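Structure, as structure tokens:
The values are calculated or read from the model by the stated rules, or taken from the named source; none is laboratory data. Note that the structure is predicted; figures quoted are calculated from it, not measured. Neighbour counts run over all protein chains shown; Cβ positions are idealised from the backbone, glycine included. When the accessible area is computed, the model is the full protein with side chains, heavy atoms only, and any ligands, DNA or RNA have been set aside. Shrake-Rupley method; radii C 1.70, N 1.55, O 1.52, S 1.80 Å.
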Amino acid sequence: MSALVRPASVTPEFLNRLVSRVPGSTGQTWKLTEVYTGEVLVELPQSTPSDIAGAFAAARAAQQEWSQWSVAKRLAVFKKFHSLVLKHNETIVDLIQVESGKARRMAFEETLDVPMVTGYYLKRAKKVLAPKKHAGPVPVVSSSLEVRQPKGVIGIIAPWNFPFATGISDAIPALIAGNAVVVKPDNKTALSPLYGVELLEQAGLPKGLFQVVCGEGPDVGPTLIDNANYVMFTGSTNTGRVIGERAGRNLIGACLELGGKNPMIVLPDANLDDTVKGALFGAFGNTGQICMHIERMYIHDSIYDEFKARFKAATENLVVGAAYDFGPNTGSLISVEHKDRVAAHVADALEKGATVVTGGKERPDLGPAFFEPTILEGVTTEMLAGRTETFGPVVALHRYATVDEAVALANDTDYGLNASVWGSDLDNAIKVGRRIESGNVNINDILATAYASKGTPSGGVKQSGVGARHGDQGLLKYTDCQNVGILKKQVMQVPDDKPFEKNVEEQIKGLAIMRKLGIR
Ligand code: NAD
């Protein structure tokens, strides 16, 4: 730890500049720390309800003009932004790493999400947002235009585990659709999203359109939701319920991307080299703090022992540590409190009869919030680690005999965010995957194939969420549909001198003919 040198880009001047855009009228601050050392990096202003209302007012004023820009003119900003994000990749990775303590490899992977989302909507948004003409009730003389209007100001609440991706990627389609945005990042990880906003403004985003407010969730959340026209939330299922309730009372829409307890099924014909490598990432990538990561593995009886031996050996070979280079495979947990929660899940499992295959201990020698990559056996649904999301580097191995049994075990959860199925017979693996109650399913991969397919909406089912990001849905959810009906000539009024019975006869005949002609 003594050799740890903070990245050169992370200077006090830079960090103070970043946080200076956060409104905090009382002068109250939150000490944002470097996870690897616990040292204070910067004093983050905390926004009061009136600061938040002010941020919304400024955003709403800027949105008036932005919404009048053509989609092409708005997209020109995002084209520049795409280049800037790639150009300043190293600085973004530095910020993500100091504030989250994740391994540099993972911080780098996180940065890729933003240009991928931007690139997708650069290609697709014009078509999706263009007004669409539909047939009206009377052929030829009537029609309807589906017009996509921006909702106004979108409130985004983001978690700490992917601060840059969730803080910025979800804002991109909202802005492209003509909205303003107010983001509330987690206090712990406000730096990388703040830098993202700076880059957007460098790319030409009008000042004021993208506001950032900071504070503890329960303090900031209510005012944010009460001022927003739509809420995009990523975080835990418990908080999602609170957000959804308040949005419902205000009669505004909400997209809720929540937690998971994601299963992996290894079929007897799986390629074990690939599967073990996948399992390592699934269980321990981002130190087990990926919403789509794997906490439950179901392995066919015929390959269980071999898989277990190889997975154990590979886990023990992982490089765990605090370093601002690409050396370590995994890094720290986000905080000492979170490490204690993960340790409590493991302790509870061991007390109730689970056993450790490898790991299971805290690593204070590496930093204040390190926990070993841990494989458990004998975990049951009576244990915390068997039922609720641990969100740490802890995975449970289970044997199964039949596919029906594996699918039933995978589905025995309140969550439905992600599932991973491994097998050489693709058709069979897909068939198994489609039986899992999960918003995302990855065949021969853990999560990236589904999540990085930006054309397909991605979201959770059951207690893992409502709505989705990506795809057309990920853009259209930030719009209201205005239905403009156009009648070229008034032909639908019943003339005063026409008996109504005649009108009834004509309408019924008309509908029958239109059906016959395939008009409707
Ligand atoms: P969290 O719910 O504690 O916090 C998420 C955000 O909500 C933070 O910004 C927090 O300050 C804020 N918040 C907390 N209470 C609030 C309230 N009452 N009102 C308004 N805002 C409030 O979650 P977390 O621990 O930061 O993040 C980890 C969780 O996020 C895990 O459950 C993980 O699975 C989930 N997650 C889901 C996805 C997904 O796409 N489904 C992605 C990343 C993380």
(Q) When the residues of the range 282-322 are narrowed to those that are under 18 Å from the mean Cα position of the chain (by Cα) and part of a loop (DSSP other than H, G, I, E, B), which ends up farthest from residue 36 (Cα to Cα)? (A) 292
Q. Are there any pairs, at least 6 apart or on different chains, whose C-beta atoms fall under 7 Å, with the first in the range 323-346 and within 10 Å of residue 35 (Cβ to Cβ) and the second open to solvent by 40 Å² or more (accessible area, probe 1.4 Å), and if so, which?
A. 334/160; 334/188; 335/188; 336/368
Q: Report yes if some residue within the range 320-340 is surrounded by fewer than 19 Cβ atoms within 10 Å (Cβ to Cβ) and among the basic types (Lys, Arg); otherwise report no.
A: no
Q: Restrict the check to the range 103-113 and report whether at least one residue is open to solvent by 20 Å² or more (accessible area, probe 1.4 Å) and at positive phi.
A: no
(Q) Exactly one of these conditions fails for residue 263: (1) within 16 Å of the ligand (Cβ to nearest atom); (2) touching a Gly at 6+ places or on another chain (Cβ under 9 Å); (3) not charged (D, E, K, R). Give me its number. (A) (2)
Q. Can you tell me which residues in the range 378-411 are acidic (Asp, Glu) and more than 30 Å from residue 36 (Cα to Cα)?
A. 382, 404, 405
Q: Among the residues of the range 178-213, write down those that are near the ligand (Cβ under 9 Å from one of its atoms), buried (at least 23 other Cβ atoms within 10 Å of the Cβ) and not charged (D, E, K, R).
A: 185, 189
**Q.** Unique match (being more than 16 Å from the ligand (Cβ to nearest atom), within 30 Å of residue 328 (Cβ to Cβ) and at pLDDT 95 or above) among 162, 78, 108
**A.** 108
Q. List pairs: first in the range 222-238 and touching a residue at least 12 places away in the same chain (Cβ under 8 Å), second of a type in the set (Lys, Arg), Cβ under 7 Å, 6+ apart or cross-chain?
A. 222/246; 224/184; 225/246; 229/151; 230/151
Q) Any idea which of 206, 222 is in a helix (DSSP H, G or I), out of contact with any His (no Cβ under 7 Å at 6 or more places or on another chain) and over 28 Å from residue 385 (Cα atoms)? A) 222
Q | Selected residue [within 14 Å of the ligand (Cβ to nearest atom) and of a type outside the set (Phe, Trp, Tyr)] from 313, 254, 322 | A | 254
